[in-house]
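We did not get these values from a lab; they are worked out from the coordinates using the rules stated. Predicted model only: the values in this text are computed from it and were never measured. We place every Cβ from the backbone using ideal geometry, glycine too, and count neighbours over all the protein chains shown.
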Amino acid sequence: MTYQAFCIHGHFYQPPREDPLTGEIPQEPGAVPYQNWNEKIQDHCYRPNALLGNFERISFNIGPTLMNWMVEKDARTLGQIIDQDHWNLERNGVGNAMAQSYNHTILPLADRIDKITQVRWGVADFRHRFGHQPEGMWLPETAVDLETLSVLAENGITYTILAPWQANVDVLDPSQPYLVELPGGKRMTVFFYNQDLSTRISFDPGATVNADAFISQYLMPKFSNNADEAPKLVLVASDGELYGHHQPFRDKFLCYLLGSAAQNYPIQITYPSLWLKQFPVTRTVKIHEPSSWSCHHGVTRWMGSCGCTPHGEWKSPLRQALNLIAERVDDHYYAAARRLVADPWELRHDYIRVVLGEIGTEELIAAHVGSLPKEDDLLRIKLLLAAQFERQRMFTSCGWFFDDYDRIEPRNNVSYAAQAVWLTSRATGMDFTEDSSDWLFKVKSWRTGVHADRHFIHHLRRARNHHLMTRLPL
């Protein structure tokens, strides 16, 4: 009998919600009776799925910003999740967890240096948490171009998962992974998820009431037309928070579906790393670039107006304003750092070790400089590296995903931008607050009429007061 396999991938992620001044998530009224949305979804989804052992049965990624929160707030659940990847690693020689680029940046909209930072930070975070090199990486919103795939390959990643419409072919067999040829002779394996089943699981609650019925009515027919007898993989990709948060009791559905129910059918439960260990990839494909899974206009959803969200006129000015702020922050960082280190961008890539607590900032700088710089240079670089951290997270994709500016996600991005400007100003004495405010004034909520510069100025005032109260350099 032909080898028939089934895999569900869960993308588990929450954007950074921390106040950049306090490092704490403020009270979020929409999450009542919980303190914030992370706590609410933890209780609805992450913890129950870990207790049921579901992370052992699926392919999954957990966003680094979410894992950072879990380390502080529920390390036990995170430990259970990591253990379930390790059980597969010990049993099969390959784990079932995938990495994710760090800040959920839409990578085709980032330049090559930022792509490298995001991928290297994501790989380093995965190694730090899971204790082994990731084979696959989930791309935020599956947004992709060839340069992104090249950066993945250069950093040891062998595969990713895309939507079927991201393949640039007339006929695609999503039951088979494909190779994408990259510049310089490198290759990337791409798994394409099954559109019909992914849509049913994600948006048709009635289809996931009964796991036995789901397999017989929806899954098994996908294996029926296997004329060439090739091994066949049906892969479903979904928001991991669907299982218990967006749809109650679907954590239990997932457990039964991939456990007792699947045992009654001639299918194997697998995951991409295990599939690649068992079967060679022989087919090649080209991709649409740029493209994503949640915008049928490429990546326009995160840079301008398109049919995916109404009232998107504010998105282009926000993208332009943050790009201009990033350019100023980078110019100041590079000018200061290049006087001390040969490669300022390599220092930024390596800064993830400080973020993860593996090394102190002074130790990192000394390693790149060759010795510890004098006190004023040391403080300047510490401030500028902290500014680079904020400058990375101000491009979190959630800031553009929805239909209005005046939401918590875009406001948070603007706060991170303000923090980057503030830290840069403290490091260099160069204040570009007025220019930044002018750029952000062009961003206006269609619903409330508020302009983004209001949130920018508000955060800067808080930052100045916070500094006066604490007198701390960082």
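Extents of the chain, taken as max minus min of Cα coordinates on every principal axis and listed largest first, are 71, 50, 44 Å.
Partners of LYS374 within straight-line reach, counting lysines whose Cα lies under 16 Å from its Cα and excluding those fewer than 8 residues away in the same chain: LYS382. For segment 161-171, 3J(HN,Hα) computed residue by residue from phi via the Karplus equation (6.51, -1.76, 1.60; θ = phi - 60°) reads 10, 10, 6, x, 6, 8, 7, 9, 9, 6, 10 Hz, glycine and proline entered as x.
Each residue of segment 319-325 is assigned a 3J(HN,Hα), and the resulting list reads 4, 5, 5, 5, 4, 5, 5 Hz, derived from the Karplus form 6.51 cos²θ - 1.76 cosθ + 1.60 (θ = phi - 60°), x at Gly and Pro.
Taking the average, over residues, of other Cβ atoms within 10 Å as the packing measure, peptides 3-13, 447-457 rank 3-13, 447-457 from highest down. The angle between the Cα long axis of helix 408-428 and the longest principal axis of the Cα atoms of the chain comes to about 40 degrees, rounded to the nearest 10.
For segment 1-149, what is Rg from Cα atoms divided by 2.2 N^0.38 Å, rounded to two decimals?
Its radius of gyration relative to the 2.2 N^0.38 Å reference: 1.10.
Once both axes come from the Cα atoms, what is the angle between helix 375-393 and the longest principal axis of the chain, in degrees from 0 to 90, rounded to 10? It is inclined by approximately 40 degrees. ILE106 sits among other residues whose Cβ lies under 9 Å from its own Cβ, and their net charge, with Lys and Arg +1 and Asp and Glu -1, is 0.
Taking Cα atoms only, the orientation of helix 75-92 departs from the longest principal axis of the chain by about 50 degrees.
Taking a straight Cα-Cα cut-off under 16 Å and skipping sequence neighbours fewer than 8 places away in the same chain, the lysines within cross-link reach of LYS442 are LYS315. Taking segment 4-278 as the region of interest, the number of lysine pairs whose Cα atoms are within less than 30 Å, with members eight or more places apart or on different chains, is 14. The ranking of SER371, SER101 by Cβ neighbour count inside 10 Å, starting from the fewest, reads SER371, SER101.
Over segment 233-367, the reciprocal of the mean inverse Cα-Cα separation, the Kirkwood hydrodynamic radius, stands at 20.9 Å. Ordered by the count of other Cβ atoms within 10 Å of each Cβ, fewest first, ARG407, ARG200 give ARG407, ARG200. Partners of LYS444 within straight-line reach, counting aspartates and glutamates whose Cα lies under 18 Å from its Cα and excluding those fewer than 8 residues away in the same chain: GLU313, ASP403, ASP404, ASP406, GLU409, GLU434, ASP435, ASP453.
The Cβ shell under 9 Å around ALA336 holds other residues with a net charge of +2, Lys and Arg each +1, Asp and Glu each -1.
Secondary-structure-derived ellipticity at 222 nm for the chain, considering helices only, amounts to -13500 deg cm²/dmol, per-run term -39500 (n - 2.57) for DSSP H runs with n ≥ 4.
Could you tell me what % of all Cα pairs in segment 346-418 have separations over 20 Å? Roughly 42 percent, rounded to a whole number.
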